[in-house]
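Presented below is the structure to which this report refers.
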Amino acid sequence: MSSGQGWSGTNSAVLNYLRVVGADRDDKDEVGDRAGPFIIGGEGGVLSFLGMTGPNADVVIPSDTVYYINAKPVNLALGLSRTSQGLSVYVIC
């Protein structure tokens with residue numbers, strides 16, 4: 001169980017942020033013709049409400065979730081809280 005300052009917003013805001021900062025991705029997607037999904041780590045990961053998916057799905061990012069730039073972990077909730085998207089929230093999970 002972890003708790004701390006997290007972030008809440010839409011899945012599209014998370015993906016856009018990761019694209020802009022140049023987060024690390026898997027080498028290839030299932031088809032193999034473009035970069036794969038972003039590499040996300042940490043105990044909490046990305047939490048969706050009621051299992052919703054897609055770009056407009058609401059998500060919560062716990063305080064220990066990280067993304068990687070050149071294989072170095074960076075706090076995702078902290079980065080997202082510095083944007084104009086979503087809200088900084090206290091997350092208990």
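Each value in this text was obtained by applying a stated rule to the coordinates, not by laboratory testing. What you see is a predicted model, and the numbers here were worked out from it, not measured in a lab. Don't worry about glycine lacking a Cβ; one is built from the backbone with ideal geometry, like all the others, and counts go over all protein chains shown.
Would you mind working out the magnitude of the charge dipole of the chain relative to its Cα centre, with +1 at each Lys and Arg C-beta and -1 at each Asp and Glu C-beta, to the nearest 20 Debye? Kindly include the intermediate steps, with their values, before the conclusion.
Numbers: 6 positive and 9 negative charges, 62 e Å.
That gives the chain a dipole magnitude of about 300 debye.
Can you tell me the 0 to 90 degree angle between the C-alpha axis of helix 11-21 and the longest principal axis of the chain, rounded to 10?
60
Could you go through the stretch 65-82 in sequence order and give the Karplus-derived ³J(HN,Hα) for each residue, using 6.51 cos²θ - 1.76 cosθ + 1.60 with θ = phi - 60°, rounded to whole Hz, and x for Gly and Pro?
Once θ is set to phi - 60°, the couplings for the stretch 65-82 become 6, 10, 10, 10, 10, 6, 6, 9, x, 9, 5, 6, 4, 5, x, 5, 5, 8 Hz.
Pull out the extension gain between THR53 and ASP27, defined as 0.36 nm times the separation in residues minus the alpha carbon to alpha carbon distance; nm, one decimal.
Details: separation 26, 0.36 × 26 = 9.36 nm, distance 2.27 nm.
Difference between extended and current length: 7.1 nm.
Quick one: if you stick a label point 7 Å off each Cα along the C-beta vector at LEU87 and LYS72, how many nm between them?
Distance between label points: 3.3 nm.
Near the amide H of ILE69, under 5 Å away, which other amide H atoms are found, from residues 5 or more places off or on another chain, if H is placed in the peptide plane?
For ILE69, the qualifying residues are ASP24, VAL74.
Restricting to DSSP H runs of at least four residues, report the calculated mean residue ellipticity at 222 nm for the chain, -39500 (n - 2.57) per run over all residues, nearest 500 deg cm²/dmol.
It comes out at -5000 deg cm²/dmol, rounded to the nearest 500.
Starting with the highest mean, order 12-22, 71-81 by the number of other Cβ atoms within 10 Å, averaged over the residues of each peptide.
By packing density, highest mean first, the sequence is 71-81, 12-22.
When you take every Cα atom in the stretch 3-92, what is the radius of gyration, and what is Dmax, the widest Cα pair distance, in Å?
12.7, 39
Go through TYR67, ALA57, LEU80 and say which Cα lies farthest out towards the positive end of the charge dipole of the chain; charges sit on Cβ, +1 for Lys and Arg, -1 for Asp and Glu.
Sorting the options by dipole projection puts first LEU80.
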